[in-house]
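Report on the following structure.
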């Protein structure tokens, strides 16, 4: 029997939330999600009294009825309520009694730098692995730096399918069909669509192929991360930018990298990309640099979304082992990566079990 102040997770939107508050005025709503996989992951840690699911919520690969039946088997002590939030009207006072909630939906996060050597792929793999841990595997990393294939090297995924394998079936491919062409990074559960096995095959991946794969991936997984080539004029980068809900610009503290980062920001502004879509991350950050983070912010004219401290030895070892540092607790780089993840996807990591909050570290934070 549900008590007077039940703990509630919601799959839906603000109208679903209002419907829940109308039915259970004392409900303690701890999360509103637009993705059932994210809700399932959070439910395993929170153990809510009620899970309220909007009748219109999209289900991947199954009906809503089958999802509810499966969830009830896995969580027999949780009440599952299917809600039609569209006609629901709650009292204004009920809505004001609850703090604003971060609503998580599908995101396509593009990691880019116009300059090579800044650690773009290192950040891409670490962020994507952290996101996979946070969502129970509901994340994918697409290697769109097609001529390098560095994602497979960083994650030690040297055998398996590649993006070129799906091109013949792409016109008829459904979102769930991407599973066949994704390699699985076992330590994190991350799904990875790897680049071509040989550089000479990269021309097979046309901008139309990139556009289709991005669309399918965003429908199949909740969080899509995209590693891109360091090329301002690339059509591949253009398609990725068009699909992005967030663009992470990676720079270091050296003047050349900062100048190219600012040039990239100017180009994106001319393309009509809003400032709210951009997030600048300083990689390989050193407190001994002549360009501390404060000066970097002044030079670029933006607030830095995060800084990843330099630890060359640890970074090289992690690539050699195929185990991103984001998977290692109590490491400075790991804490910095998770902080960037929280910035990009607010609320994503609030209820992660046993995750130490990043500590403040001098000039970097």
Counted residues, the range 147-156 - those being assigned to a loop (DSSP other than H, G, I, E, B) and buried (at least 24 other Cβ atoms within 10 Å of the Cβ): 1
Among the candidates 94, 90, 69, residue that is at pLDDT below 50 and either closer than 29 Å to residue 176 by Cβ or assigned to a loop (DSSP other than H, G, I, E, B) (or both): 90
Subset of the range 210-252 (residues that are more than 29 Å from residue 136 (Cβ to Cβ), modelled with pLDDT of 95 or more and touching a helix residue (DSSP H, G or I) at 6+ places or on another chain (Cβ under 6 Å)): 251
In the range 209-228, the residues that are in a helix (DSSP H, G or I) and closer than 23 Å to residue 264 by Cα: 210, 211, 214
Hey, residue 265 free of Cβ contacts under 8 Å to residues at least 60 places away in the same chain, surrounded by 14 or more Cβ atoms within 10 Å (Cβ to Cβ), within 24 Å of residue 126 (Cβ to Cβ) and over 22 Å from the mean Cα position of the chain (by Cα) or not: no
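Being touching a strand residue (DSSP E or B) at 6+ places or on another chain (Cβ under 7 Å), over 30 Å from residue 165 (Cβ atoms) and touching a residue at least 12 places away in the same chain (Cβ under 8 Å) is the requirement here; does residue 249 meet it?
Spelling it out, residue 249 is indeed touching a strand residue (DSSP E or B) at 6+ places or on another chain (Cβ under 7 Å), over 30 Å from residue 165 (Cβ atoms) and touching a residue at least 12 places away in the same chain (Cβ under 8 Å).
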Count of residues meeting criterion [assigned to a helix (DSSP H, G or I), touching a residue at least 24 places away in the same chain (Cβ under 8 Å) and crowded, with 19+ Cβ neighbours inside 10 Å] in the range 177-201: 1
Where residue 202 falls short, out of the listed (1) over 26 Å from residue 317 (Cβ atoms); (2) at pLDDT 95 or above: (2)
Search result, residues across the range 316-334 that are under 16 Å from residue 128 (Cα atoms) and at pLDDT 90 or above: 318, 319, 324, 325, 326, 333, 334
Hits in the range 26-62 - residues which are without any contact (Cβ under 8 Å) to a residue 60 or more places away in the chain and over 19 Å from residue 138 (Cβ atoms): 26, 27, 28, 47, 49, 50, 52, 55, 56
Selection status of residue 274, more than 18 Å from the chain's Cα centre (by Cα) and surrounded by 21 or more Cβ atoms within 10 Å (Cβ to Cβ): no
Enumeration of residues in the range 24-45 that are part of a helix (DSSP H, G or I) and exposed (fewer than 15 other Cβ atoms within 10 Å of the Cβ): 44, 45
Candidate set from the range 211-228 (those that are more than 13 Å from the chain's Cα centre (by Cα) and buried (at least 24 other Cβ atoms within 10 Å of the Cβ)); member that is nearest to residue 174 (Cα to Cα): 213
Number of the condition not met by residue 156 [criteria: (1) within 16 Å of the chain's Cα centre (by Cα); (2) within 23 Å of residue 336 (Cβ to Cβ)]: (1)
Subset of the range 47-66 (residues that are surrounded by fewer than 18 Cβ atoms within 10 Å (Cβ to Cβ) and outside any loop (DSSP other than H, G, I, E, B)): 64, 65, 66
Pairs with Cβ under 7 Å, 6+ apart, first in the range 103-119 and at negative phi and crowded, with 21+ Cβ neighbours inside 10 Å, second assigned to a strand (DSSP E or B) and at pLDDT below 90: 104/33
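The values are calculated or read from the model by the stated rules, or taken from the named source; none is laboratory data. As the structure is a computational prediction, the values presented were derived from the model and not from experiment. Cβ atoms come from the backbone with ideal geometry, glycine included; neighbour counts cover every protein chain shown.
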